[in-house]
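The values are calculated or read from the model by the stated rules, or taken from the named source; none is laboratory data. Keep in mind the model is a prediction, meaning the values are calculated, not measured. Positions of Cβ are backbone-derived with ideal geometry, glycine not excepted, and every protein chain shown enters the neighbour counts.
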Amino acid sequence: MRRVYNFAAGPAVLPLPVLEKARDELLDFQSSGMSVMEMSHRGGIFDTVIKQAEAGFRKLLGISESYAVVFMPGGASQQFAMVPLNLLPPGGAADYVDTGSWAGRAIEEAKIVGKVNIIWSGRDGKYMAARKAAELRFTPDAAYVHICSNETIGGVRFPEFPETEAPLIADMSSDIASREFDFNRFALIYAGAQKNLGPPGVAVTAIRRDLAGRCPDAVNVFFRYRTHIAEPSLYNTPNTWGVYLFKLVVDWMLELGGVAAMQKRNEAKAGILYDALDASPFWKPCADKEARSLMNVTWRLSSEKLENQFIKEAEAAGMVGLKGHRSVGGIRASIYNAFPPEGAKALTDFMREFEQRNG
Ligand SMILES: Cc1ncc(COP(=O)(O)O)c(C=O)c1O
């Protein structure tokens, strides 16, 4: 068996102990004589799994009972639509911060539902900066404020989160549980699981319970948060395998010491990479220093030809997934929670050697 260093942006590397446990439990889950994917989502065994997944997630982020936690299909993309459908009332307006491609997708969906105020945009700086939270100016009476905490494509993040009067909503798909933050500042957060929380096919949303009741009746039943809260994540057949793996990943993080331990691990990994990038003008890191992501490290070389050579040679050396997003090109190393620290060291060793040959 060969395991590579997987720098993919998502679906992404999963913790090896999680994969091993899933393998061991695959054929006969908890003496049921079947796998977790083959059993009823309403039976006792899966009921315990999904409750443990939720409880672990609450513990990890410090989410109180004032919030509902629901698992849904449709990824973060469905949440881009559900947020305005549920929370942007007819005649109302919502504030959005335009930090990059994913914030852009959220804005596109919100505009279909109602009025959107783009209160800051990184477009002029090619989305390589993130606005300092303290400098944001919010619109009085906004229904909510939406941010993307970490832009996966540009590799920029909110260094710190704003305090808002209106409910604060965040797409945390690519940095959830990677750094400590005060959860109570948010009214709603959501994430696709496939970067820091598990496999693709599951999204998780935590929503303050009082907000869930605001959804207009004109919205289809499936797209109301309150539907998924009333029948806790079981309104339709959930991705049982995905929820099970989500639980294993959350357990793995808790065992290692939770978000504080993840942050330490991530700062160390990202530090190794950014130090290497800053050490020589051969490398051209993309993101503004103050907005650099701990999860997605992006850089360029002097030509696309050299970038392609770098990506190809890295792959031959067992380091895969380094190609930048197709919309921007360049190189991107995604180093989510499960990415092993040795992988960051291996990449920088390879970078030094590559520079010696091509610098
Ligand atoms: C920050 C962010 N938001 C949203 C999405 C879209 O997620 P999904 O494909 O789960 O709909 C992605 C996907 O990479 C992302 O990185």
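Points to keep in mind about this one:
- Total residues in segment 163-176, condition in contact with a Phe, Trp or Tyr (Cβ under 8 Å, 6 or more places away or on another chain), surrounded by fewer than 24 Cβ atoms within 10 Å (Cβ to Cβ) and not in a strand (DSSP E or B): 4
Residue-by-condition table, conditions (1) within 16 Å of the ligand (Cβ to nearest atom); (2) at pLDDT below 95; (3) in a helix (DSSP H, G or I):
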{"site": "Leu27", "(1), (2), (3)": "no, no, no"}
{"site": "Lys51", "(1), (2), (3)": "no, no, yes"}
{"site": "Glu54", "(1), (2), (3)": "no, no, yes"}
{"site": "Val70", "(1), (2), (3)": "yes, no, no"}
{"site": "Ser77", "(1), (2), (3)": "yes, no, yes"}
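- Residue in segment 29-48 that is nearest to Arg3 (Cα to Cα), counting only those that are of a type in the set (Gly, Ala, Ser) and part of a loop (DSSP other than H, G, I, E, B): Ser35
- Matching entry among Thr298, Thr348 (being out of contact with any Cys (no Cβ under 7 Å at 6 or more places or on another chain) and surrounded by 13 or more Cβ atoms within 10 Å (Cβ to Cβ)): Thr348
- Under the condition of being without any contact (Cβ under 8 Å) to a residue 40 or more places away in the chain and within 16 Å of the chain's Cα centre (by Cα), the residues counted in segment 161-175 number 3.
- Condition check for Phe57: closer than 20 Å to Trp252 by Cβ, surrounded by 22 or more Cβ atoms within 10 Å (Cβ to Cβ) and touching a Leu at 6+ places or on another chain (Cβ under 6 Å): no
- Subset of segment 184-232 that is among the small types (Gly, Ala, Ser) and within 16 Å of the ligand (Cβ to nearest atom) - its residue that is surrounded by the fewest Cβ atoms within 10 Å (Cβ to Cβ): Gly201
- Index of the failed condition, Asn337 passing every other in (1) under 16 Å from Trp283 (Cβ atoms); (2) surrounded by 13 or more Cβ atoms within 10 Å (Cβ to Cβ): (1)
- Checking each residue in segment 122-149 for being over 19 Å from Lys111 (Cα atoms) and surrounded by fewer than 12 Cβ atoms within 10 Å (Cβ to Cβ) picks out Asp124, Lys126, Ala134, Glu135, Arg137.
- Residues of segment 1-25 that turn out to be within 30 Å of Ala314 (Cβ to Cβ) and not in a loop (DSSP other than H, G, I, E, B), as a count: 10
- One residue stands out in segment 83-118 among those that are closer than 22 Å to Lys289 by Cα and among the aliphatic types (A, V, I, L, M): the one that is nearest to the chain's Cα centre (by Cα), namely Ala103.
- Extreme residue, nearest to the ligand (Cβ to nearest atom), among residues of segment 137-162 that are assigned to a loop (DSSP other than H, G, I, E, B), more than 13 Å from Trp120 (Cα to Cα) and charged (D, E, K, R): Glu160
- Matching residues, segment 79-102, being in a helix (DSSP H, G or I) and out of contact with any helix residue (DSSP H, G or I) (no Cβ under 6 Å at 6 or more places or on another chain): Gln79, Val83, Leu87, Ser101, Trp102
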